[in-house]
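What follows is a single structure, written as structure tokens, with notes after it.
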Amino acid sequence: KAGVTQTPRYLIKTRGQQVTLSCSPISGHRSVSWYQQTPGQGLQFLFEYFSETQRNKGNFPGRFSGRQFSNSRSEMNVSTLELGDSALYLCASTQGPGNTIYFGEGSWLTVV
Amino acid sequence: GEDVEQSLFLSVREGDSSVINCTYTDSSSTYLYWYKQEPGAGLQLLTYIFSNMDMKQDQRLTVLLNKKDKHLSLRIADTQTGDSAIYFCAESINTDKLIFGTGTRLQVFP
């Protein structure tokens, strides 16, 4: 059974640009969450989707957005990139509330 | 409120046991998790425990939960150099949103 797959693994963007990251959950999993990991702030929750609906949102500006498709795949978008957005973005999937949560390898974003 | 705390560093000799501690503040936590992160990698689920359990053992890993003190620990028996990594505890409260601790860097020396 394939794990959580995130693409791209590494990318470099310029300030002001936008970026889209993709996450394919484990087959059968309907819930997808996104986290940002930085040395200064640690692991912070961005948002969570279940059956194409956003159920939870973390304390991030509106430049951070996401969506989930009918096949449970999810994307997150960051517009008007800032240097501080440089981070590892992790996607997690689970069958639903109360089930174990598995993470992908992450997407390393560097903003220059 | 939601807050999870861990000590930052732990250094152990190969073959010894490692104990990584975590405290959390929200008594309504339903699940508590331990994840391992190696350099440049994502989070690997090690184990988890339901809030109505006191202990869970999985091969070399033992998780102890003290709900009264809101304290969670992970014991790794016979620690190996391959166990060197950052270990995160995390809590979830009836949702799939995880609140993570700061992570404990475990260094295993020969």
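The table that follows gives values for the structure above.
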{"quantity": "Reachable aspartates and glutamates from A:LYS13, criterion Cα separation under 19 angstrom, eight or more residues apart if same chain", "calculated": "A:GLU75, A:GLU82, A:ASP85"}
{"quantity": "Net charge over other residues, Cβ less than 15 angstrom from the Cβ of A:GLN6 (K, R count +1; D, E count -1)", "calculated": "0"}
{"quantity": "Simple label model, 7 Å out from Cα along Cβ direction - B:GLU5 to A:SER22, nm", "calculated": "4.4"}
{"quantity": "Peptide A:97-106 - average C-beta neighbours from other chains (10 Å radius)", "calculated": "6"}
{"quantity": "Counting all C-alpha pairs of region B:31-110, share separated by more than 16 Å (%)", "calculated": "52"}
{"quantity": "Mean Cβ count within 10 Å, highest first, over the residues of peptides B:69-76, A:39-46, A:84-91", "calculated": "A:84-91, B:69-76, A:39-46"}
{"quantity": "Residue mean of other protein chain beta carbons inside 10 Å, B:98-109", "calculated": "2"}
{"quantity": "For chain A, projected area of the alpha-carbon convex hull averaged over all directions, nm²", "calculated": "6.5"}
{"quantity": "Residue mean of other protein chain beta carbons inside 10 Å, B:34-47", "calculated": "4"}
{"quantity": "Under 13 Å, Cβ to Cβ, from B:LEU74 - net charge with Lys/Arg +1 and Asp/Glu -1", "calculated": "+2"}
{"quantity": "Estimated FRET transfer efficiency when R0 is 25 angstrom, pair B:THR25-B:ASN52 (beta carbons, to 0.05)", "calculated": "0.85"}
{"quantity": "Of all DSSP beta bridges in the protein assembly as shown, antiparallel share, percent nearest 5", "calculated": "90"}
{"quantity": "Two-site label geometry, A:THR100 and B:GLN59: point separation in nm, points 7 Å out along Cα→Cβ", "calculated": "1.2"}
{"quantity": "Three principal axis lengths of the protein assembly as shown [C-alpha, angstrom, descending]", "calculated": "49, 36, 36"}
{"quantity": "Full-stretch length increase - B:GLN44, B:ALA77 - with 0.36 nm per residue and alpha-carbon distance subtracted", "calculated": "10.1 nm"}
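The numbers here are math on the coordinates, done by the rules we state, and not lab data. Note that the coordinates shown come from a computational prediction; the quantities given were computed from them, not determined experimentally. Don't worry about glycine lacking a Cβ; one is built from the backbone with ideal geometry, like all the others, and counts go over all protein chains shown.
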